[in-house]
Amino acid sequence: MFRIDPVIRSLLVLLACLVALFAFLLGGRFFSFANLQSMAFQLPELGILAVAMMVTMMTGGINLSIITTANLAGITAAFCITRLAGADASSGAVLGITAIAFASAMVVSALVGAANGFVVAHLGVSAILATLGTTTVLEGIGVLITRGSVISGFPDAVLFIGNGALFGVPVPLVIFACCALAVGVWLDRTPWGVGVRMTGSNANATAYSGVDVRRVLMKVYILSGLLCGVAALIMIARFNSARAGYGSSYLLVTVLASVLGGVNPDGGFGKVGGLVAALMVLQVIGSGLNLLGLSPHLAIALWGGILLFVIALRLLRARRAGQ
């Protein structure tokens, strides 16, 4: 008999209650095409960044550099496109340049992930310190390249990725679904995924069991970096611009979504399905409060309160279980 994960079940119940509440308060405005479309376009970039955060948290670590990694990857792609694609470039040349720009962004994000993985896995630096240092370095590089300004003016082929639709489904949502499904399969159905969970549960015991913990961590942080690169491509395509300060408010939300979705902050446990359900809950809260005319800062404050509440509740349950 099919059994749904308790965390996912609880989140789906909460999601249904929130939808019912906002539908009651807002009437048809909440289910309007414009609002549903807005949520469908806003969720993917945050969702992919949340997956990038989740995979590192499952090892007992964290990646505080996901936003700056995404921004630097986006700046790299934007720089290539605007410098190489002239006004008189043919459509074929534009597509080729766009492919090169996107590949460059992915290489940059993978290199950042590899650097984080090396510092954490081989030098033994704590993940929070290593990625915090990376954040500072990447932010400085991003500002240096752009001189604090915005790089904008992309061809339609790029804009389609962030604003287009396939058979009525937003392209960013399709990309997010593919990323979430792929990572979910890797974590649940492959030896590497087992190694990730074992490393998060007990890294020393995992090493003694014959698993190369350093290799597992390197792959995790490279994957996290690559996901940041994918999110960056969606971001620059949706905004038609790139700069060093985009998405600064996303960092808290990615941690919140991971914890709310069932990821153990100490590592070892978590499912992509729970993360997706948590993202939907947070998106509904944000959109509902926005339609009510309340400040977006209230949503951020509320998300922070939810994070503290969830952590406190889990600590309380753990203490009761230990008695």
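The values are calculated or read from the model by the stated rules, or taken from the named source; none is laboratory data. Treat the numbers as computed from the prediction; the structure is a model and nothing was measured. A quick note on method: Cβ atoms are made from the backbone with ideal geometry, for glycine too, and the neighbour counts reach across all protein chains shown. The protein model used for the area step is the full one, side chains on, heavy atoms only, and it has no ligands, DNA or RNA in it. Shrake-Rupley method; radii C 1.70, N 1.55, O 1.52, S 1.80 Å.
Can you find, within the stretch 54-103, the residue that is modelled with the lowest pLDDT among those that are among the polar types (S, T, N, Q) and under 15 Å from ILE145 (Cα atoms)? Reasoning before the result, please.
Here is the first cut: in the stretch 54-103, the residues among the polar types (S, T, N, Q) are 56, 59, 63, 65, 68-69, 71, 76, 82, 90-91, 98.
Subsequent filtering for residues that are under 15 Å from ILE145 (Cα atoms) retains 68-69, 71, 76, 82.
Values: THR68: 95, THR69: 95, ASN71: 94, THR76: 94, THR82: 86.
Applying the filter and picking the extreme gives THR82.
For first residues located in the stretch 290-308 and over 17 Å from LEU279 (Cα atoms), partners that are charged (D, E, K, R) and lie 6+ apart or on another chain with Cβ distances below 6 Å form the pairs LEU291/ARG29.
Can you name every residue in the stretch 57-70 that is in contact with a Leu (Cβ under 9 Å, 6 or more places away or on another chain) and open to solvent by less than 10 Å² (accessible area, probe 1.4 Å)?
Of the stretch 57-70, the ones in contact with a Leu (Cβ under 9 Å, 6 or more places away or on another chain) are 58-59, 61, 64-70.
Within the stretch 57-70, MET58, SER65, ILE66, THR69, ALA70 meet the criteria.
In the stretch 113-142, how many are within 27 Å of LEU43 (Cα to Cα), out of contact with any Leu (no Cβ under 7 Å at 6 or more places or on another chain) and open to solvent by less than 70 Å² (accessible area, probe 1.4 Å)? The total comes to 4. Scanning the stretch 22-29 for any residue that is out of contact with any strand residue (DSSP E or B) (no Cβ under 9 Å at 6 or more places or on another chain), on the phi > 0 side of the Ramachandran plot, part of a helix (DSSP H, G or I) and surrounded by fewer than 14 Cβ atoms within 10 Å (Cβ to Cβ) turns up at least one such residue.
This table checks each residue for (1) in contact with a Ser or Thr (Cβ under 8 Å, 6 or more places away or on another chain); (2) open to solvent by less than 20 Å² (accessible area, probe 1.4 Å); (3) in a helix (DSSP H, G or I); (4) in contact (Cβ under 8 Å) with a residue 60 or more places away in the chain.
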| position | (1), (2), (3), (4) |
| --- | --- |
| LEU36 | no, no, yes, no |
| PRO44 | no, yes, yes, yes |
| VAL55 | yes, yes, yes, yes |
| ALA78 | yes, yes, yes, yes |
| ARG83 | no, no, yes, no |
| PHE102 | no, no, yes, yes |
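If we scan the stretch 299-312, do we find a residue that is closer than 20 Å to SER201 by Cβ, open to solvent by 60 Å² or more (accessible area, probe 1.4 Å) and at pLDDT below 80? Yes, the conditions are met somewhere in the stretch 299-312.
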